[in-house]
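These notes concern the structure reproduced below.
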Amino acid sequence: MRERRTLRRQTRQYAGQLLLAHPGMKDDNFKRTVILMSVHNTEGAMGVVLNRPMNQQLGELQVDFALGPLAGVPLYRGGPVDPKQLIIAAWRWLPDAETFQLHFGIEPDKATELLGTAGVTVRAFLGYSGWGKGQLENEMKHRTWFVAPVDSDVLGRCDGPDLWRLILGRMDPELKLLADEPEEPERN
């Protein structure tokens, strides 16, 4: 009797990595975005947009934070899902282990504790970016997103659309050309 084997196609996990919108993406929610992925499993995926600063600080959002240690934490638009939900995240690069450490959806007490730790970045996000079961995998098949590892020097170097250009430009010279195109070339 022959043994039958079922080979499962392994899916790539994107948690702890960056998703960069394809330069041709027109969806205003994700155009020229860099998303820090926190969850990716068989049920779906979740992350926050890193390069949409709101030019506000956490202390301006809620009175509870105004006089506390988190008052100066920058606030970002995390994505179109549940845009009033506050998500606090912290991260750092551990050079000895060459590892990116992410704390996602943390309580204010934990964020305060991490705020005083050397090399830790703390940010607050309103809303998040989310995908249902199989949705992100389908978008990846259509090359809607590029995947990049978190680099030790990228997240602290720049902000806003420049972060998207910097990371995409490092990936491939052709992508750099596309990333450097003006958003509305017909207006030039």
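Laboratory data are not the source of any read-out in this text; all were calculated from the coordinates shown. Treat the numbers as computed from the prediction; the structure is a model and nothing was measured. FYI the Cβ positions are ideal-geometry reconstructions off the backbone, even for glycines, and counts take in every protein chain you see.
So here's what we get for this one:
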quantity: 222 nm mean residue ellipticity, helices alone, for the chain (DSSP H n ≥ 4; -39,500 (n - 2.57); rounded to 500); calculated: -5500 deg cm²/dmol
quantity: Using a Förster distance of 35 Å, the FRET efficiency for V120-E174 (Cβ separation, nearest 0.05); calculated: 0.50
quantity: Pairwise FRET efficiency - N41 versus A97, Cβ, R0 = 30 Å, nearest 0.05; calculated: 0.80
quantity: Pairwise FRET efficiency - T112 versus R12, Cβ, R0 = 41 Å, nearest 0.05; calculated: 0.70
quantity: Loop-located GluC sites (Glu not before Pro) in segment 69-167 whose Cβ has at most 12 other Cβ within 10 Å (DSSP); calculated: E98
quantity: Values of log10 I(q)/I(0), in the order q = 0.15, 0.20 Å⁻¹, for segment 17-153 under a Debye, Cα-only, solvent-free model; calculated: -0.76, -1.24
quantity: Phi-based couplings in Hz for segment 119-126 (Karplus 6.51, -1.76, 1.60; Gly and Pro marked x); calculated: x, 8, 9, 10, 9, 10, 10, 9
